[in-house]
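See structure below.
Derivation of every value follows stated rules applied to the coordinates shown; laboratory data play no part. Note that the structure is predicted; figures quoted are calculated from it, not measured. FYI the Cβ positions are ideal-geometry reconstructions off the backbone, even for glycines, and counts take in every protein chain you see.
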Amino acid sequence: MNTFFSLDFAASIMPRLLFAASVTVKLTFLSYSIALIFALPLALARTSSNRYLAMAVGSFIECVRGTPMLVQLFLVFYGLPKIGFTMQPVTAGVLALSVHYGCYLAEVYRAGLQAVHTTQREAAWALSMSPIDTLKSVILPQAIPPMIPALGTYLIGMFKDAALLASISVFELLTTAKLIGTESFRYTEPMTIAGLLFLCMSLGAAGLTRLLERLWVIR
Amino acid sequence: MNATAIIDSSLSASTPPLAPACEFIHVCKRYGSLTVLKDMNLKVKRAEKLALIGPSGSGKSTLLRTLMTLETIDAGEIKVNGETLTHGSWPADRQRSDRPAARNRRRRIGMVFQQFNLFPHKTAVENVAVAPRKVLGLSRQEAVERAHNYLEMVGLSSKAEELPSRLSGGQQQRVAIARSLAMQPEIMLFDEVTSALDPELVGEVLGVLRKLAEEGDLTMLLVTHQMEFARSFADRVAFLWQGQVHEIGDAKAIFDNPREERTRQFLRAVLEGR
């Protein structure tokens, strides 16, 4: 009966898997933070009145959103060194994750920004507020709260997509689980635990999202 | 003083020659094939209270919006205090420039909108304080103090900490007026500021406008459908028709004795509808 799932074996591999999970969490939070920042200029450029800029950035976003992240990951990790940008697997992984998700988040931002009525911009204009003050004091505080659920969905998505980094040998959670499997010929335990750990991360992200939503509503 | 300023004959000899508060010179504005302002010429004297009346589509609101530089113009020139505010020959991005120099010119003008356009995430006092703080560089404390003064002026001291959603339409509009006044503009534009209000709330907003008019210095341009108010409030009334000033004159003269047939027709139609 213990051949399907051995608790002893599960306990023995737990420390390795927990450590790997912490790598996934760190990678995701780092990449997500970069994506959050990177997405803002993308969204602003795409809604810019400069048609060429808007079109160029729009095309970039569509290309990144429209191709598998795995393709981008390989291009970054194996392609960039050919033109002189050699990097660690972790760096390549963070770069690919943050650019890929930056493009999704840019679209979330764009929707949020466009949902703020133009009359709000007109009111700020009539008060002679600068574009940057208008953005900071008028537009963003109204645009961000409705964006939070979508931002949370992409955070959960990123935890799972971080597993793709296994393909360029970043030792995150899934790579480690697979490695334990090949070493011991036992896949059930490491994969079950890895799945549960991913679930915990996602539930954590969802909880965080709901907390942020509640905080903004109170404000 | 600008030597080329147009001397207004109605000013006494003892006052220095003053340029008009604002001036439209052959201004044209089109939306596609629709001409909204057609060779618009208008001079507004300093501290003058001018009411703009006319049928819908006559260009009243567009006139205010071009003066606030919310809209570009296709030809002509708009001057404020004798200085060019915007010019039809300028490209659109220069007319709608958000550079500091353009913002400084714009700062002389304030505008109150039909739909109030308060910032819904800010309390009344924050709505009023934000621009003085960000644009004029006041400290938080100075800006809040100023905001309280203007809220008091419009009779809303007790509502300072409320969000707009907790205020009635009339109260929201009074906050919006306070918000514009806090920037201490020389010219205030009021674009149908009572049209979105329930009838019983119109009076409180008009009361604020009347108080402002009595205080004197401010140049006020008011687009309105409230004819009785226009008559008692305005020094002059301009009747707009098809993108031009069709008739302009003393408030009493326009209402009691309009020269133009169009003006008469319009007034008859509006006053009968009461």
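Looking only at other chains, what is the average number of their beta-carbon atoms within 10 angstrom of each beta-carbon in B:173-179?
Other-chain Cβ atoms within 10 Å of each residue's Cβ, averaged: 1.
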Whole-Hz ³J(HN,Hα) from phi, Karplus 6.51 cos²θ - 1.76 cosθ + 1.60, for the range B:116-124, glycine and proline x: 6, 6, 5, 7, x, 8, 10, 5, 3
With everything on Cα atoms, drop me the angle between helix A:89-115 and the longest principal axis of chain A, reported from 0 to 90° to the nearest 10. 40
Counting only residues 5 or more places away or on other chains, whose amide H sits under 5 Å from the amide H of B:Ala75 once H atoms are built in the peptide plane? B:Cys28
For the charge dipole of the range A:1-125, defined by +1 on Lys and Arg C-beta atoms and -1 on Asp and Glu C-beta atoms about the Cα centroid, which residue among A:Gly58, A:Val76, A:Ile13 has the Cα displaced farthest towards the positive pole? A:Gly58
Nearby aspartates and glutamates by direct alpha-carbon distance to A:Lys26 (threshold 18 angstrom, same-chain neighbours under 8 apart not counted): A:Asp161, A:Glu172
Across the range A:142-153, in residue order, what do the Karplus-derived ³J(HN,Hα) couplings come to in whole Hz, using 6.51 cos²θ - 1.76 cosθ + 1.60 with θ = phi - 60° and x for Gly and Pro? 8, 7, 5, x, x, 7, 4, x, 5, 4, x, 4
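Over chain B, what is the relative contact order in whole percent, taking alpha-carbon pairs under 8 Å and six or more residues apart? Before the final figure, lay out each step's value.
Details: 501 pairs, mean separation 62.6, N = 274.
Relative contact order, chain B: 23 percent.
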Which loop-located chymotrypsin sites (Phe, Trp or Tyr not before Pro) does the range A:10-93 contain, where loop means any DSSP state but H, G, I, E or B and the Cβ has at most 14 other Cβ atoms within 10 Å? A:Phe85
Under unit Cβ charges (Lys, Arg +1; Asp, Glu -1), what dipole magnitude, rounded to 20 debye, does the range A:7-218 have relative to its Cα centre? 240
Using the Cα centre of chain B as the reference point, and only Cβ charges (+1 on K/R, -1 on D/E), how large is the resulting charge dipole? Debye, rounded to the nearest 20. 580
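Taking a ≥ b ≥ c as the square roots of the eigenvalues of the Cα gyration tensor of the protein assembly as shown, is the shape rounded (a/c under 1.5), prolate (a/b larger than b/c) or oblate? It would help to have the intermediate numbers written out before the result.
Numbers: a/c = 3.29, a/b = 2.52, b/c = 1.30.
Judged from the Cα gyration tensor, the protein assembly as shown comes out prolate (a/c at least 1.5, a/b above b/c).
What is the mean number of Cβ atoms from other protein chains located within 10 Å of the Cβ atom of each residue in peptide A:116-124, rounded to a whole number? Kindly include the intermediate steps, with their values, before the conclusion.
Numbers: counts 1, 3, 2, 5, 5, 2, 7, 13, 6.
Mean shielding count: 5.
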Would you list, by chain and number, the aspartates and glutamates whose Cα falls below 16 Å from the Cα of B:Lys252, excluding same-chain residues fewer than 8 positions away? B:Glu48, B:Glu228, B:Asp235, B:Glu260
Using alpha carbons only, how many degrees (0 to 90, rounded to 10) separate the axis of helix A:173-184 from the longest principal axis of chain A? 10
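Taking a ≥ b ≥ c as the square roots of the Cα gyration tensor eigenvalues, with a/c under 1.5 meaning rounded and otherwise prolate when a/b beats b/c, else oblate, which class fits the range A:7-218?
On the way: a/c = 3.43, a/b = 1.74, b/c = 1.97.
Note, shape of the range A:7-218 comes out oblate.
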Residue pairs, from the table B:Lys43/B:Lys134; B:Lys38/B:Lys79; B:Lys29/B:Lys134, whose Cα atoms sit over 26 Å apart: B:Lys43/B:Lys134; B:Lys29/B:Lys134
Under Karplus coefficients 6.51, -1.76 and 1.60, residue-wise ³J(HN,Hα) of the range B:30-43 in Hz, glycine/proline x: 10, 10, x, 8, 8, 8, 9, 10, 10, 6, 7, 10, 7, 10
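If you filter the range B:134-186 for trypsin sites (Lys or Arg not before Pro), then keep DSSP loop positions with at most 13 other Cβ within 10 Å, what is left?
Taking the range B:134-186 and a limit of 13 other Cβ atoms within 10 Å, no loop trypsin sites (Lys or Arg not before Pro) are found.
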Could you tell me the relative contact order of the range B:141-194? Use alpha-carbon pairs under 8 Å, at least six residues apart, and round to a whole percent. 39
Give the long-range amide H neighbours of B:Met220: residues separated by 5 or more places, or on another chain, with amide H under 5 Å away, using H modelled in the peptide plane at 1.01 Å from N. B:Glu48, B:Lys49, B:Leu50, B:Met188
With Cα coordinates, the longest principal axis of chain A makes an angle with the long axis of helix A:51-65, in degrees rounded to 10, of 20
Return the average number of partner chain Cβ atoms within 10 angstrom of each residue Cβ along peptide B:119-128. 3
